[in-house]
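Structure, as structure tokens:
The values are calculated or read from the model by the stated rules, or taken from the named source; none is laboratory data. All values derive from a computational prediction rather than experimental measurement. As a convention, Cβ positions derive from the backbone with ideal geometry for all residues, glycine included, and neighbour counts pool all protein chains shown. Ligands, DNA and RNA are excluded from the accessible area calculation, which covers all protein heavy atoms including side chains. Shrake-Rupley method; radii C 1.70, N 1.55, O 1.52, S 1.80 Å.
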Amino acid sequence: MARPASVEIHLAMGILLLAFLNAAAAAAVEPEWLEEFRYVKEVVVTRAIEILLVCSMFGGGLFLIIRRRYSSRQCYLLDFACYKPPAERQVNTELSIYFSAMQQPINVDNANFEWRIYRRSGVGEETCLPRCYFNDEMVATLEEARVEMEECFAAVLDELFRKTCVEAREIDIVIVNVSTFGPAPSLTAWIVNRYMMKESVKTFNLSGMGCSTSLIAVDMAKDLFKVYRDSYALVIGSENITANAHYRGNNKSMMVTNCLFRVGGYALLLSNKREDAARAKMRLLHTVRTNVAAVDEAYNCVMVKEDDKGFPGTELSPSLIQVAGDAVRKNMAALGPKVLPITEQLYYAYNMICIKALKMNLKPYIPDFRVAFQHFCVHPGGRSVINGIGKTLQLSDYELEPSRMALHRFGNTSVSGIWYEAAYMEAQRRFKVGDRIWQIALGSGFKCNSAVWEVMRETHPLQSTVWDDCIHRYPCDTRNNYPDDYCKRWL
């Protein structure tokens with residue numbers, strides 16, 4: 001019996017469907033090379049992720065190490081304080097000459113000479129002398145010299161610790177710089193004893209290095225920070241006027257210091273802790289030290305000695321200004337590449353090539369450091385020193401104003417002078433965040449030292465400074481208003 005045609009059709013369609021399903025199943029089976037490719041891909045991706053994780057961990061650790069090492073090389077100035085002697089220690093020109101006359105047989109020629117120095121020095125009528133000058137006997141003893149230092153250091157350190165809210169036992173390094181007074185126990189030992197500092201504190205005394213020792217101490221602290229990480233360094237400086245009381249002889253080159261040097265002192269708190277960057281007042285960028293003591297004329301231009309009659313004093317050579325100018329120029333040459341823009345360096349290099357290589361008759365080009373700095377703290381060693389450095393650097397009266405006013409109000413305070421200038425600029429609210437300050441200090445030897453600071457925090461309007469009671473009177477005329485014949489009539 002024959003099958004119906006519809007059955008055959010259904011059977012054919014079933015066969016075709018089975019064939020299609022078999023073909024589809026066969027197509028769904030992946031070839032071996034594709035499976036191997038996927039396996040290799042998974043392995044490569046896994047290894048890449050592992051390598052990336054290892055590299056990121058290594059890079060992060062390296063970054064932290066570099067950041068820690070870099071931050072430990074930073075030197076932050078948290079704050080500073082300057083010494084303000086008691087008002088009863090102030091002396092004017094007349095009283096200064098009286099003190100000189102009382103310590104030696106009255107000599108009209110010597111008195112007239114000191115009078116002329118006073119009139120041209122730029123020193124004002126409110127500078128201060130130590131306690132021994134106000135005693136009945138006016139005798140400069142070792143005890144009086146020690147009292148002068150203790151009064152000064154106690155005042156500035158108490159104020160500094162109050163400003164910074166740092167405890168004395170947190171201090172890791174103490175550096176004291178007093179050129180002409182070195183008692184035993186040392187002044188650093190007195191500080192450690194008074195403030196009960198920890199047993200591991202590192203102490204250093206710098207002496208005999210002249211008026212530029214302040215920046216030498218800062219440079220020393222910066223170098224110590226490379227070894228001692230996360231540390232506080234206390235830098236304290238002054239000059240002992242009692243130990244170098246008025247020169248009593250007749251050597252005029254040794255009488256000049258009687259008219260210039262006055263009581264003063266300062267204290268700095270430095271840190272290399274990364275967390276102190278937010279509250280630091282300034283950051284140290286560069287220090288440059290120039291020592292020209294190899295030249296006999298420079299070595300002998302400032303010297304503590306005895307005259308032919310045995311009176312001790314400090315002799316200032318007539319070549320002092322020339323030696324100071326040469327030292328400043330050498331210091332400028334070393335500092336210039338660190339701070340000057342490339343255009344000023346190219347001008348200077350071109351000028352030197354024309355003069356030395358091509359033998360052209362050109363005037364030496366002096367770079368304009370005012371493009372690199374907004375503020376200048378010139379060593380207030382005397383009016384001639386300030387004017388000489390100002391002329392060399394082509395500074396304006398406004399830029400020299402802090403130096404002249406510090407000399408007028410406080411006299412030549414030796415190592416402290418540049419910090420009285422910084423306090424003056426703070427009192428006038430001159431500092432702005434990002435400003436750069438160039439401090440220039442000169443000292444016996446002969447040395448010229450520079451420090452470059454960057455302002456990180458503006459002065460708070462209510463913060464006190466050593467100028468608070470008199471800043472409203474400055475700037476002022478620094479000329480002496482006594483009549484020409486006043487000294488003659490007084491004698």
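Apply the Karplus curve 6.51 cos²θ - 1.76 cosθ + 1.60, θ = phi - 60°, to the phi angles in region 357-369 and return the couplings in whole Hz, x for Gly and Pro.
8, 8, 6, 7, 8, 10, 6, x, 7, 9, x, 8, 6
Just how far, in whole angstrom, is region 415-460 from region 153-201 if you go by their alpha carbon centroids?
Each part reduced to its Cα centre gives a spacing of 22 Å.
Ignoring any ligand, DNA or RNA, what whole percent of the accessible area of region 229-355 comes from carbon and sulfur when the probe is 1.4 angstrom?
Roughly 55 percent of what the probe reaches on region 229-355 is carbon or sulfur.
Calculate, for region 229-333, the solvent-accessible area per residue in square angstrom, rolling a 1.4 angstrom probe over the heavy atoms of the protein chains.
Averaged over the residues of region 229-333, the accessible area is 41 Å².
Do the sum for the chain: with -39,500 (n - 2.57) for every DSSP H run of n ≥ 4, divided by all residues, what is the mean residue ellipticity at 222 nm, to the nearest 500 deg cm²/dmol?
Helix-only estimate at 222 nm: -14500 deg cm²/dmol.
Quick one: grab Rg to one decimal and Dmax as a whole number for region 153-271, Cα atoms only, in Å.
15.8, 53
Taking only protein heavy atoms and a 1.4 Å probe, what accessible area per residue, in Å², does region 164-212 have with all protein chains in place? Mind dumping the intermediate values first?
Working: 2260 Å² over 49 residues.
Per-residue accessible area for region 164-212 comes out at 46 Å².
How large is the accessible surface per residue of region 81-142, computed with a 1.4 Å probe and reported in Å² as a whole number?
47 Å²
According to the square roots a ≥ b ≥ c of the eigenvalues of the Cα gyration tensor, what is the shape class of region 343-491, taking rounded for a/c under 1.5, prolate for a/b larger than b/c otherwise, and oblate for the remainder?
In terms of gyration-tensor shape, oblate.
Mean Kyte-Doolittle hydropathy of 0.0 or higher plus an axial Cα length of 20 Å or more: which whole DSSP H helices in the chain meet both?
Within the chain the helices that satisfy the rule are 5-28, 32-72, 320-339.
Place the peptides 280-287, 365-372 in order of packing, highest mean first, counting for every residue the other Cβ atoms within 10 Å and averaging per peptide.
Put in order of decreasing packing, that is 280-287, 365-372.
Percent relative contact order of the chain, based on C-alpha pairs within less than 8 angstrom and at least six residues apart?
Once normalised by length, the contact order is 20 percent.
Which percent of the accessible heavy-atom area of region 77-157 goes to carbon and sulfur, probe 1.4 angstrom?
That share works out to 53 percent.
Below 8 Å, C-alpha to C-alpha, sequence gap of six or more: please give me the relative contact order for region 403-468 in percent.
Reported as a whole number, the value is 32 percent.
I want the local charge near Y133. Using Cβ-Cβ distances under 13 Å, sum +1 for each Lys or Arg and -1 for each Asp or Glu among the other residues.
My count for the surroundings of Y133 gives -2.
Which values of log₁₀ I(q)/I(0), to two decimal places, follow from the Debye formula for region 232-273 at q = 0.18, 0.20, 0.25, 0.28 Å⁻¹ with a uniform point scatterer at every Cα?
For region 232-273, the Cα-only Debye profile gives -0.62, -0.69, -0.86, -0.97.
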